[in-house]
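The values are calculated or read from the model by the stated rules, or taken from the named source; none is laboratory data. Everything numeric in this text was worked out from a predicted model, so none of it was measured. With ideal geometry, Cβ positions are generated from the backbone for all residues, glycine too; neighbour counts draw on all protein chains shown. Calculation scope for accessible area: heavy atoms of the full protein, side chains included, ligands and nucleic acids excluded. Shrake-Rupley method; radii C 1.70, N 1.55, O 1.52, S 1.80 Å.
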Amino acid sequence: MTKDKRTVVVRGSDVRPTAVTGPGFEGVRQTRLIDATHGSVHQEVVIMELAPGGVIPGHFHPFEESFFMLEGEALYAVAGESYRIPKGGYGFAPIAAPHAWHNTSDRPARWIEVRAPQPKTVADAHGTYAGPELSPPKDGREITVGDPRCRHVGFHEPDHMPPYGPVAGRGAINYCVKHISARLLVQDTLGAVQHITFLAQLPPAPADDRNVMDLMQADPVNKTHYHQYEEVYHFLQGRGLAYLDGETFEIGAGDTALAAVGGSHAVINIGDEPLLWLETMTPRPPEQHSMFWERDWAALTALPVTEGP
């Protein structure tokens, strides 16, 4: 990325899975969506695939790791418990907590995974260390709301999204997004301290606005904001426009966008169905002044300050 370019779009059609090998790994593939090569400095976001009978052995990291199951199901063990993670299941592994996976079903399992802080290669390890004391699970409890043993996992159904309305982001001083639905997934209630993940959904655009590719360019300053943390948007459903540092991209299911620190960005729905995405924030937004809306600052009178030689 150039000095002033702090955003990037990764097309789902441009990424390919690669095999993950090592002692105890069986039937594992990984697709990198966002990492340091894209300009991210705070996180990695990948798609993990586990074949029927596949195993990810016990291991742990010097970073938090969260997930959201996209397809299939698998068994997941962490912090002394094992769970059956179905489609829509999500969860979290704290720093240094051993965890393991096992796909005992007859279908592949596929999930999106977030790692924060960004993994660092130390010696020969890219942030992954063997945890042989934890065996891959052979069974697991169902995710049950209200069960205190499900403290690192949760479950999402499409009808769990709240009604569309105004939303105040963490640290924002008012309702900064006027018509959106958002559901928090991984946050401090699950034990996360380095990052947040949530689902966000925009309703279909009015009929006379659909497919208008210059909608963003017409008035970009009224639609964009920036902040001091990174965000990643992985789109799951629908069609939209992403306005990123002055450029407009049409986006759809499987695409991923990075808004790095200070990168101006906004998203609108231009399709006939809801636009749904999984969003990450890392580091966690501060308690105050977490978002800066360009329209508010553009309305102020700027002093003509210049620097001398």
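Which number in (1) closer than 20 Å to Asp188 by Cβ; (2) open to solvent by 20 Å² or more (accessible area, probe 1.4 Å) marks the one condition that Lys87 misses?
(1)
Just need a number here: residues in the range 231-243 that are open to solvent by less than 10 Å² (accessible area, probe 1.4 Å) and either at pLDDT below 95 or closer than 13 Å to Asn269 by Cβ (or both).
4
Within the range 102-132, count every residue that is at pLDDT below 95, more than 19 Å from Thr282 (Cα to Cα) and either open to solvent by 40 Å² or more (accessible area, probe 1.4 Å) or touching a Cys at 6+ places or on another chain (Cβ under 9 Å) (or both).
Number of matching residues: 9.
Out of Thr256, Thr306, Thr301, Thr248, report the one residue that is polar (S, T, N, Q) and open to solvent by less than 10 Å² (accessible area, probe 1.4 Å). Steps first, answer last, please.
On the way: Thr306 fails: open to solvent by less than 10 Å² (accessible area, probe 1.4 Å); Thr301 fails: open to solvent by less than 10 Å² (accessible area, probe 1.4 Å); Thr248 fails: open to solvent by less than 10 Å² (accessible area, probe 1.4 Å).
Step by step, each of Thr256, Thr306, Thr301, Thr248 is checked, and only Thr256 is polar (S, T, N, Q) and open to solvent by less than 10 Å² (accessible area, probe 1.4 Å).
Being under 21 Å from Arg284 (Cβ atoms) and either among the small types (Gly, Ala, Ser) or buried (at least 18 other Cβ atoms within 10 Å of the Cβ) (or both) is the requirement here; does Tyr76 meet it?
Details: under 21 Å from Arg284 (Cβ atoms): no; either among the small types (Gly, Ala, Ser) or buried (at least 18 other Cβ atoms within 10 Å of the Cβ) (or both): yes.
Spelling it out, it is not the case that Tyr76 is under 21 Å from Arg284 (Cβ atoms) and either among the small types (Gly, Ala, Ser) or buried (at least 18 other Cβ atoms within 10 Å of the Cβ) (or both).
Output the number of the condition that Thr21 fails; it satisfies all remaining conditions of (1) touching a residue at least 24 places away in the same chain (Cβ under 8 Å); (2) of a type in the set (Ser, Thr, Tyr); (3) open to solvent by 20 Å² or more (accessible area, probe 1.4 Å); (4) not in a strand (DSSP E or B).
Unmet for Thr21, out of (1) touching a residue at least 24 places away in the same chain (Cβ under 8 Å); (2) of a type in the set (Ser, Thr, Tyr); (3) open to solvent by 20 Å² or more (accessible area, probe 1.4 Å); (4) not in a strand (DSSP E or B): (1).
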